[in-house]
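Engineer: Following this message is one structure expressed as structure tokens.
The values are calculated or read from the model by the stated rules, or taken from the named source; none is laboratory data. Please read all numbers here as calculations on a predicted model, not as lab measurements. When we count neighbours, we look across all protein chains shown, and the Cβ atoms used for this are built from the backbone with ideal geometry, even at glycine. These accessible areas exclude ligands, DNA and RNA; they are computed on the full protein's heavy atoms, side chains included. Shrake-Rupley method; radii C 1.70, N 1.55, O 1.52, S 1.80 Å.
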Amino acid sequence: MLQKRIRLGDLLVEKGLITNEQLMHCLKIQKSKNYVKKLGEILVDEGFVTKNQIFETLSKQLGIDFIDLFGEELNFKLLGKFPLKLLENANAIPFKEDDEFIHIATSDPLNYDALEALETSAAVFKPIKLYISMPEDIRQIFTRIEIREKTRLLAKEVKEEIKNGGNRDDNLEESAVLQLIRTIIRDAISKKASDLHIEPDAHEMSVRCRIDGILKETFVFDLEVYTALNSRIKILGNLDISERRRAQDGRFSMQIDGGNYDFRLSTTPTLFGESIVMRILDQQKILLKMNELGFIDQNLQIFQDTIRQPYGIVLITGPTGSGKTTTLYAALNEIKSIENKVLTIEDPIEYQLPLVQQVQVNEKVDFSFAKALRSFLRQDPDVIMVGEIRDIETLSAATQASLTGHLVFSTLHTNDAPSTINRMVQMGLEPFLISDALIAIVAQRLVRKMCPYCKEEYKPNAETLNKVQGMIPEGTIFYKGRGCPKCDMSGFSGRVVIAEILKIDDKVAKVIARNGTKQEISDIAEKEGLYSPMINDGIQKVLQGITTLEEVLRVVRR
């Protein structure tokens, strides 16, 4: 056991990571807070050091190896041998046992009293060997233990049903497996999740929800439960339950607590079984209006002017889950009217829009985006929306539609607005056609908003501030969410768009027509006041106290 008494603050000063003045400043804060927060947490909050610097320093000084717990196979039987309260007091997780030691990871190696109590408890088995791990990893595993306990009873019912042959019962509504599926879905909806991920590994199955763009584990089950769950979900989605070697897509509907929900279902084979992802579509969800998307005033004005043009292509770009569909629907909702004929081709149709004729792609009968587009031109439309441009055939058809007097909206997967033009060229479209057809590109991401109930002042660390040097005014007060029950201790609640819009005028069109580089396009557009990089929008939302600097830098490259 560790006997070496080390004070973290002195160690960091000795290593030159903080000054003595900074240490005294943080000790004063700690005393004023009656030692509720540990010194290391305050040093990180004040921006003097990062968590990694603290743990690297402790690891070297104490001679304790750092370990990534999520790279280890947890032994839950071993965990059960220790009183949970004792583990929580020591911020420690026993993760492995061999002939010599019980291997334990802790995020607080200087908490000698708690670790000695743990060693005394472990002495009846074997000596302990300590490792250092990140506190968020330790917390996540404690959460996982809690989840396992909560779901044990429900899983037991499913196992009993399987043993008694109930999984083959025709009365599906009463089956424990379907009740379990409903419980998982109800939990995800209550947390306002956008997606559900059901993933098997070598020993168990985990269920994760994507909440505000971040995955969080919510349930853990045995593989026996996964097998029954997988088959029943595939039946719901009208998929082939005997096919486990290729990816499948499906869709089903379910009523949860009086609300109607659609679920887009995707399965793909992995090393340990099929990974299942369900996109949750709330049919009662109110479509956002343009001014509710989160665009800053300048971008909102440009976008509203753009969508009222008589013809041309407007592209919304960004990765999966960046809110492109929401932006498209808001734009169509804004311009639809009894005087306009609006046609959409989607895969799938997520939400129904009044006064809009919506068409579903059907690959089984060879009805693709490109073929639907060609048929649309005989329908005398004013506005056309193409769910996604995936190939040169669809891109060419959309370009021809825009050049023959139609306003075309679509999406493309690119990282920023200027690189979209290069992507269109790479797909095979001639630069002169792009310059004639394109009128604007909107590139966007979603960032998490701070929880208003636990918002407090803090100081970003020096490394983070260096990334935005010259972009933040002196004296700026920064905020972050501390974490509270209202936000499930995450510090965030909801998401908002950050975006950049590249508007195409004659000067930009000339650069595009001669196949100019991404840098040339962005330079001329910025000079003409037609483009402002996404980071500027993000910084503005940081200054307004809507989100954090770290959150903006998580989704925007600097």
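Engineer: Glu474 versus Ile296, label points 7 Å from Cα toward the beta carbon: distance in nm?
Structural biologist: 2.2 nm
Engineer: Averaging over every viewing direction, what projected area does the convex hull of the Cα atoms of the range 441-558 cover, in nm²? Mind showing how you got there, number by number?
Structural biologist: Values: hull surface 32.3 nm².
For the range 441-558, averaging the hull's shadow over all directions gives 8.1 nm².
Engineer: Could you check how much of the accessible area of the range 393-533 is carbon and sulfur, as a whole percent, using a 1.4 Å probe? Walk me through the numbers before you get to the answer.
Structural biologist: Values: 3030 of 6590 Å².
Its accessible area is 46 percent carbon and sulfur atoms.
Engineer: Then there's this: Once you place label points 7 Å from the Cα toward the Cβ at Lys289 and Leu377, how far apart are they in nm?
Structural biologist: About 3.7 nm, to one decimal.
Engineer: How are the alpha carbon pair distances in the range 139-298 distributed across 5 Å bins from zero to the largest one, expressed in percent?
Structural biologist: The percentages, shortest bin first, are 2, 8, 17, 20, 21, 15, 8, 4, 3, 2, 1, 0, 0.
Engineer: Compare the Cα positions of Ile235, Phe70, Pro83 along the charge dipole of the chain (+1 at Cβ of Lys, Arg; -1 at Cβ of Asp, Glu; about the Cα centre) and return the one farthest towards the positive end.
Structural biologist: The Cα lying farthest towards the positive end belongs to Pro83.
Engineer: Could I ask something else about it? When the accessible area of the range 303-354 is computed with all protein chains present and a 1.4 Å probe, what percentage of it is carbon and sulfur?
Structural biologist: Working: 910 of 1980 Å².
Roughly 46 percent, rounded to a whole number.
Engineer: Continuing with this model, one more query. Please express the shape of the range 211-301 as an equivalent ellipsoid: the semi-axes are the square roots of 5 times the eigenvalues of the C-alpha gyration tensor, given largest first in whole angstrom.
Structural biologist: Values: eigenvalues 217, 53, 39 Å².
Semi-axes from the Cα gyration tensor: 33, 16, 14 Å.
Engineer: Measuring with a 1.4 Å probe in the full set of protein chains, what accessible area per residue, in whole Å², belongs to the chain?
Structural biologist: Solvent-accessible surface per residue comes out at 50 Å².
Engineer: While we're looking at this one, here's another question. With the convex hull built on the Cα atoms of the range 372-443, state its orientation-averaged projected area in nm².
Structural biologist: Working: hull surface 17.7 nm².
One quarter of the hull surface, i.e. the mean projection, equals 4.4 nm².
Engineer: Once label points are set 7 Å from the Cα along Cα→Cβ at both Lys518 and Leu84, what is their separation, rounded to one decimal in nm?
Structural biologist: Between Lys518 and Leu84, the label points sit 4.9 nm apart.
Engineer: Express the carbon and sulfur contribution to the solvent-accessible surface of the range 34-167 as a percent, rounded to the nearest whole number, probe 1.4 angstrom. Don't skip to the answer; put the middle values down first.
Structural biologist: Details: 3400 of 6990 Å².
So the carbon and sulfur contribution to the accessible surface is 49 percent.
Engineer: What Kirkwood hydrodynamic radius do you get for the range 402-465 when you take the inverse of the mean 1/r over all pairs of distinct Cα atoms, in Å?
Structural biologist: On the way: mean 1/r = 0.0640 Å⁻¹.
Roughly 15.6 Å, rounded to one decimal.
Engineer: A follow-up question, please. So what does the Cα-only Debye profile of the range 493-558 read at q = 0.24 Å⁻¹, as log10 I(q)/I(0), no solvent term?
Structural biologist: At q = 0.24 Å⁻¹ the computed log10 ratios are -0.95.
Engineer: Any idea what the relative contact order of the chain is, in percent, if you count C-alpha pairs under 8 Å spaced at least 6 apart?
Structural biologist: Working: 939 pairs, mean separation 53.3, N = 558.
So the answer I get is 10 percent.
Engineer: Using mean Cβ contacts within 10 Å as the protection proxy, how do 400-413, 471-484 order, highest first? Please report the intermediate quantities before stating the final value.
Structural biologist: Details: 400-413: 19.4, 471-484: 13.9.
Going by the mean number of other Cβ atoms within 10 Å, highest first, we get 400-413, 471-484.
Engineer: What aspartates and glutamates does Lys15 reach when the alpha-carbon gap must be under 12 Å and sequence neighbours fewer than 8 apart in one chain are set aside?
Structural biologist: Glu56
Engineer: Taking a quarter of the surface of the convex hull around the Cα atoms of the range 307-453, what do you get in nm²?
Structural biologist: Details: hull surface 39.9 nm².
Hull-based average projected area comes out at 10.0 nm².
Engineer: On C-alpha positions alone, give me the angle between the axis of helix 51-62 and the longest principal axis of the chain, in degrees, nearest 10.
Structural biologist: 30 degrees
Engineer: Still on this structure, please answer the following. Given a cut-off of 31 Å, name the pairs among Lys28/Lys51; Lys60/Lys191; Lys336/Lys371 whose C-alpha atoms lie farther apart than that in the structure shown. Before the final figure, lay out each step's value.
Structural biologist: Details: Lys28/Lys51 20 Å; Lys60/Lys191 41 Å; Lys336/Lys371 24 Å.
Pairs exceeding 31 Å: Lys60/Lys191.
Engineer: Which one of Ala117, Leu154, Ser435 has its Cα pushed farthest toward the positive end of the charge dipole of the chain, where Lys and Arg give +1 and Asp and Glu give -1 at the Cβ?
Structural biologist: The residue sitting farthest along the positive end of the dipole is Ala117.
Engineer: A further question on this structure: For the range 349-476, what is the charge dipole size about the Cα centre, in debye to the nearest 20, if Lys and Arg each add +1 at the Cβ and Asp and Glu each add -1 at the Cβ? It would help to have the intermediate numbers written out before the result.
Structural biologist: On the way: 12 positive and 15 negative charges, 53 e Å.
Once rounded to the nearest 20, the dipole reads 260 debye.
Engineer: With only Lys, Arg, Asp and Glu charged, each at its Cβ (+1 for the first two, -1 for the last two), find how big the charge dipole of the range 427-558 is about the Cα centre; round to the nearest 20 debye.
Structural biologist: Working: 20 positive and 17 negative charges, 107 e Å.
Dipole of the range 427-558, to the nearest 20 debye: 520 debye.
Engineer: Can you list the aspartates and glutamates whose alpha carbon is less than 14 Å from that of Lys31, not counting same-chain residues fewer than 8 positions off?
Structural biologist: Straight-distance partners of Lys31: Glu41.
Engineer: So which aspartates and glutamates can Lys518 reach, going by Cα to Cα under 13 Å and dropping same-chain residues fewer than 8 places off?
Structural biologist: Excluding near neighbours in sequence, the set is Asp416, Glu526.
Engineer: Let me ask something additional. Once the whole set of protein chains is in place, how much accessible area is left on Ser493, using a 1.4 Å probe, in Å² to the nearest 10?
Structural biologist: 50 Å²
Engineer: Within a Cβ distance under 12 Å of Ile477, other residues only, what is the Lys/Arg minus Asp/Glu net charge?
Structural biologist: Working: positive: Lys455, Lys459, Lys480; negative: Glu456, Glu457, Glu474.
Counting the neighbours of Ile477, the net charge comes to 0.
Engineer: How do the peptides 364-376, 73-85 rank, highest first, by the average count of neighbouring beta carbon atoms within 10 Å per residue?
Structural biologist: 364-376, 73-85
Engineer: If the only charges are +1 at each Lys and Arg Cβ and -1 at each Asp and Glu Cβ, what is the size of the charge dipole of the chain around the Cα centre, to the nearest 20 debye?
Structural biologist: Details: 73 positive and 80 negative charges, 145 e Å.
Dipole of the chain, to the nearest 20 debye: 700 debye.
Engineer: Can you check how the C-alpha radius of gyration of the range 56-108 compares to 2.2 N^0.38 Å, as a plain ratio? Numbers along the way, then the final one.
Structural biologist: On the way: Rg = 11.7 Å, N = 53, 2.2 N^0.38 = 9.9 Å.
Against the empirical 2.2 N^0.38 Å value, I get 1.18 for the range 56-108.
Engineer: When only alpha-carbon atoms count, how far does the chain stretch along each of its three principal axes, as whole angstroms with the largest first?
Structural biologist: Result, largest extent first: 81, 68, 39 Å.
Engineer: For the range 457-512, what is the largest minus smallest coordinate of the Cα atoms on each principal axis, given in angstrom and ordered from greatest to least?
Structural biologist: Cα spread of the range 457-512 along its principal axes, largest to smallest: 54, 28, 17 Å.
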